[in-house]
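Please treat every number below as a calculation from the coordinates, not as lab data. Only a predicted model underlies this, so the values are computations on that prediction, with no experimental measurement involved. Cβ sites come from the backbone with ideal geometry, for glycine too, and all protein chains shown count toward neighbours.
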Amino acid sequence: MGVLFLDGCNSTKESLIPELEPAERPKFEKTQSIVRNWSVGLGAGFDSSHVGLTPRLAGENVYAASPEGHVVAVNAETGRKAWAVNLRESISGGVGAGIGLIFVGTYEGNVYALDATSGDTRWKVAVSSVVTAPPMATDGRVVVRTADGRLSGLNVENGVEVWSIVRQVPSLSLLGDAEPLLERGVVIVGFPNGKLLAAELEGGRVLWEIPVAYPRGRNELERLVDVDARTSLVRGTLFSASYQGAIIALNLEERAVLWTSEVATHHPFAIDMQYLYAVDRDSRVVALNLLTGKNVWTNDKLLYRELSAPASLGPYIILSDFDGIVYVLDKRDGEFLGDYEIGGEGLVSQPLIRLDKAYLLNTSGELSSISAARR
């Protein structure tokens, strides 16, 4: 799955990055094995255009959506379906959650709010364009992102728009957007123009905008600076990244940059108490010191294998490649410990983690729970 781009507000998609010879699948002594706890088919396959379809852990269930309109709730421990519905619309953004509801958005420009317990539709509203990220909710608002550069706050009770913010979308940008970060009455999002924006959740008043990267280069491809990696907040520090810019650590209270790293990525990263783990544009896996941004280790043995976003599973990092192989890396040094064939062309999104289990959605539409075990 290559990197896909959105040309203005046109839904035509194409990969503009030239094909590069991928590294051979690495060989190593396996000291860890993967145990599959359960798997559930969603009834439809995915491809790299479905970058906005991220499963969601909420309560006792994992919620997932397929491109063809199916939404399911699966018990995270047993793998039994709690409910399944068919919205009969092509889903483009999901799954979001909050306040006892599950949210998805569609290519037709509709947002659905489903009851998390039953799957019943609480409301459905039309928004301005294709929904490009999982809608998220808290404190009476549902925050929705659309392909026309609009960020909207809807009333969680009925879906009525309360406020909206619009930023110009460059003529060429990455397909899909990062989900909004909702924290203490504030929504924080990254835009294709390379900026982070914070606004009041209740009324939508813009509080600040900060550039993560500046467009540079001779053509539109070189000037891509989309902030598409999901923004993370850890102990008062905000971590964000842009496609051809850098990862930055920002003191949220003072809005001061603590450090920058030249790792360019459009993937969400994983964070633990010490390190930030990221996959760059060429599929290098890197670990950065959380306090200083200095490189701790780099694994470059999977170059151009179109890696998924990494996830932190206890003492391990897990991620997948285009052959549907999930790799287990040692957090201490990035060395390979094990691998596992998950199927399809790898993962649709970053693995979800709860305690010692990871939840994976592959491009064949299979949702599964796995655990790592020592051989």
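Which of the pairs 30/331; 195/331; 30/81; 301/331; 331/357 have their Cα atoms more than 23 Å apart in this structure?
On the way: 30/331 15 Å; 195/331 30 Å; 30/81 34 Å; 301/331 16 Å; 331/357 17 Å.
Table pairs above 23 Å Cα-Cα are 195/331; 30/81.
Provide the gained length on full extension for the span residue 272 to residue 162, in nm with one decimal, where the gain is 0.36 nm per separating residue minus the Cα-Cα distance. List each step's numbers first, then the result.
Working: separation 110, 0.36 × 110 = 39.60 nm, distance 3.59 nm.
The residue 272-residue 162 span can extend by a further 36.0 nm.
Below 8 Å between Cα atoms, with a sequence gap of 6+, how large is the relative contact order for the chain in percent?
Over the chain, the number comes to 15 percent.
Starting from the 7 Å offset along Cα-to-Cβ, what nm value, one decimal, do you get for the label separation of residue 117 and residue 24?
5.8 nm
If you build a Gaussian network model of the chain, linking Cα atoms that sit under 10 Å apart, which residue out of 26, 134, 310 swings the most?
Checking each option, the largest mean-square fluctuation is seen for 26.
Pick from 254, 161, 77: which is most flexible by mean-square fluctuation in a GNM of the chain where alpha carbon atoms under 10 Å apart are linked?
Of 254, 161, 77, the most mobile in the Gaussian network model is 254.
When the Cα centres of the stretch 330-361 and the stretch 78-134 are compared, how far apart do they sit, in Å?
26 Å
Which parts of the stretch 249-282 would a label at residue 233 reach, counting a residue when its backbone N lies under 11 Å from a point 7 Å out along Cα-to-Cβ?
Inside the label zone: 252-253.
Would you look at the GNM of the chain, springs on alpha carbons closer than 10 Å, and say which of 82, 73, 309 moves the most?
It is 82.
Treat every Asp and Glu Cβ in the chain as -1 and every Lys and Arg Cβ as +1, leave all other atoms uncharged, and give the resulting dipole magnitude about the Cα centre to the nearest 20 debye. Show your work: numbers first, answer last.
Details: 35 positive and 46 negative charges, 120 e Å.
Dipole of the chain, to the nearest 20 debye: 580 debye.
Give me the one-decimal nm value for the distance between modelled label points at residue 281 and residue 107, 7 Å along each residue's Cα-to-Cβ direction.
About 2.8 nm separates the two model spin labels.
For a quick check: sort 91, 370 by the number of other beta carbons within 10 angstrom, fewest at the front. All intermediate terms of the calculation are to be shown ahead of the outcome.
Working: 91 26, 370 22.
Fewest-to-most ranking of 91, 370: 370, 91.
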